[in-house]
Amino acid sequence: MRPCARTVLVLGALSACGPGDATEPGVAPPEKRLPSIVFLSVDTLAAGHTSLHGYARKTTPALDELAREAIVFERCLANAPYTTPSYASQFTGLLPSCSRVVDPLAFREGHARPPEPWMNWRVPAERWTLAEMLRAAGYRTAAFVDNPMAGPSAGLDQGFELFDTSAAEITANDPEGGIRAILPKALAWIDGLSGAEPFFLFLNVLDVHAPYIPPVEFAEHFAADGLGEPDQELPVGSGLGHAPRSALASLGMDLETPSVHSAPLVARYDQEILAVDGASKNLVDGLRARGLFDGSIVLFSADHGEAMGQAELKFTHGAQVDEVLHVPLVLRLPGGAHGGQRISEPVQLLDLYPTLAELLGLEPPVDFEGRSLVPLFSGGSLKALPVVHEGGHLHSSAVSDGEWRLVVTYPGFNLRSLRSSARGHAWFAENHPELTSALDEEKSLAEAMRREPKTRSVLETALRALRGPFYELYHLPSDPHQRVDRATDQPEVLARLRAALTAAEERTAAERKRVPVGEELPPEPADRAELRALGYASDEEEQ
């Protein structure tokens with residue numbers, strides 16, 4: 001068994017070395033003993049569905065227990081509403097667009113197609129990632145990754161000695177995959193270490209992602225307690241306000257079912273969360289049994305959440321809404337320092353890299369977009385800054401600043417954008433109501449385009465009319481589901497948030513010029529098959 005990694009970090013109860021103590025970027029002073037780091041990121045876990053954050057169902061009892069000796073960030077926001085750009089920002093401390101191959105908007109005037117979404121994000125080899133910083137500081141590094149969108153084709157393997165993607169080869173329909181398949185391998189990797197060096201272990205698990213098929217022993221939890229979100233009868237399809245067919249597999253329903261109630265799907269999602277929470281306790285118990293838990297840093301978070309019925313987009317992510325952007329973030333420091341503290345100040349996922357760098361006394365490799373959260377641990381404060389979100393549906397971006405959120409959309413970007421946009425549906429209802437039913441089904445729309453030249457002409461007109469950008473402003477405390485656009489009656493707030501987004505875009509452009517991203521790397525064929533199974537690739541991508 002690996003001996004407990006002793007730590008000398010102290011801040012209040014724990015002391016942290018300052019950046020000036022490091023001899024060069026990413027290299028720890030030789031007299032310092034650094035703690036091991038275990039980072040569990042649950043793909044698609046919405047903070048709003050965890051009992052840790054007040055959800056009525058007891059979905060995270062193990063996480064609630066861990067929180068008693070950890071720091072809980074009550075308002076942590078993801079910098080992107082889906083996987084690849086979110087992890088790119090976490091691993092680089094920069095906004096997602098610093099790892100974007102091309103701007104898809106550049107393709108709108110021509111006939112060439114932009115790269116597929118999962119191919120358009122890649123961390124440049126020249127970046128100094130979180131794993132690379134830790135490796136240079138003497139850490140052993142390993143990642144066990146369940147989602148092919150977080151794989152080597154995105155450059156997320158940089159700095160890892162071992163980058164195991166075998167879990168991604170297990171179909172998402174198999175409840176014995178995910179964390180159940182990953183955890184034994186991760187603990188075996190720890191057991192194979194000598195114990196002379198600290199380690200960084202990153203786990204990405206996909207269990208709570210659609211199609212929401214929990215292990216059989218969890219399948220009856222929450223089914224009839226009435227504590228989930230309000231039940232709705234939703235049409236089944238691909239358009240706005242539809243429950244996706246990919247979610248029906250969990251209920252054993254016919255894929256041609258015209259409608260479905262939302263409550264059973266929400267219960268299945270919550271059952272998945274409970275199952276992962278139990279497995280995360282097994283991880284903590286495994287660390288304790290090896291004498292590693294007390295001296296380690298343990299991180300628990302997610303790349304993004306999931307819209308579970310309240311947003312216009314149902315049972316999916318990619319939208320710039322709180323259900324998707326608000327994620328859990330729990331940080332357990334060595335010795336349980338500052339345990340039980342709950343921090344209400346808004347933070348973002350790209351703050352993780354600079355926070356770990358300061359805790360470990362390592363020199364930051366670049367000027368991070370994020371900032372260290374260490375001052376908050378001892379009751380200090382940080383200047384309030386807007387949080388930027390990039391890479392969503394409708395080629396959207398957003399800025400969250402206090403009570404307000406600005407969302408920028410391009411509904412006319414492509415056919416999927418039209419189907420996913422309230423503006424798109426309103427345009428067709430007013431101008432071509434005969435096509436509104438086809439708009440809800442990607443296959444119907446694609447077939448209509450092939451069959452009727454007039455339909456293609458209408459669609460081209462719609463794409464031009466809805467090119468965007470459109471700016472929407474929402475007041476989150478009074479409108480948490482973002483249904484009432486306040487852009488017209490709040491011009492000063494709109495101008496302030498637009499200026500913040502423009503400034504972020506300018507910083508990103510300068511960073512991209514300094515470190516070019518290069519060309520996309522296509523995923524392996526097996527990964528592409530899994531992407532289709534997860535609902536990321538569709539017939540539309542062939543158009």
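Miscellaneous remarks
- Where labels lie 7 Å past Cα in the beta-carbon direction, separation of residue 253 and residue 437 in nm: 2.0
- For the chain, share of DSSP beta bridges that run antiparallel, in % to the nearest 5: 55
- Three principal axis lengths of region 131-285 [C-alpha, angstrom, descending]: 57, 33, 23
- Going by neighbour counts of Cβ atoms within 10 Å, the residues 58, 454 line up, fewest first, as 454, 58.
- Gyration tensor (alpha-carbon) shape descriptor, region 128-180, a/c threshold 1.5: prolate
- Positive-end extreme of charge dipole, region 138-248 - chosen from 219, 246, 205 (charges on Cβ): 205
- For region 199-343, the dipole from Cβ point charges (+1 on Lys and Arg, -1 on Asp and Glu) about the Cα centre works out to 660 debye, to the nearest 20.
- Using the Cβ-Cβ distance between residue 196 and residue 173 with R0 set to 51 Å, the FRET efficiency works out to roughly 0.75.
- Global form of region 68-219, assessed from the alpha-carbon gyration tensor, a/c cut-off 1.5: oblate
- DSSP H segments from the chain that extend 27 Å or more along their own axis, Cα-based, with Kyte-Doolittle mean of 0.0 or above: 262-289
- Shape class for the chain: prolate, because the ratio a/c of the largest to smallest gyration tensor axis (alpha-carbon atoms, square roots of eigenvalues) is 1.5 or more and a/b beats b/c.
- Here the chain is assigned +1 on the Cβ of each Lys and Arg and -1 on the Cβ of each Asp and Glu. Its dipole about the Cα centre then comes out at about 940 debye.
- Rg/Rh for region 287-430 stands at 1.07; both radii use Cα atoms, and Rh follows the Kirkwood definition.
- The calculated FRET efficiency for the pair residue 496 and residue 381, based on their C-beta separation and a Förster distance of 25 Å, comes to about 0.75.
- Selected from 308, 63, 136, residue furthest toward positive end of dipole (the chain; charges at beta carbon): 136
- Burial order of peptide ranges 83-94, 492-503, 368-379 (average beta-carbon count within 10 Å, highest first): 83-94, 368-379, 492-503
- Counting lysine pairs in the chain that sit 8 or more residues apart in sequence, or on different chains, and whose Cα atoms lie under 27 Å apart gives 5.
- Here the relative contact order of the chain, from alpha carbon pairs under 8 Å that lie six or more residues apart, stands at 24 percent.
Only the coordinates and a few stated rules stand behind these numbers; no lab work does. If you're wondering where the values come from, they're calculated on a predicted model, not measured in any experiment. Glycine also receives a Cβ, built like all others from the backbone with ideal geometry; neighbour counts cover every protein chain displayed.
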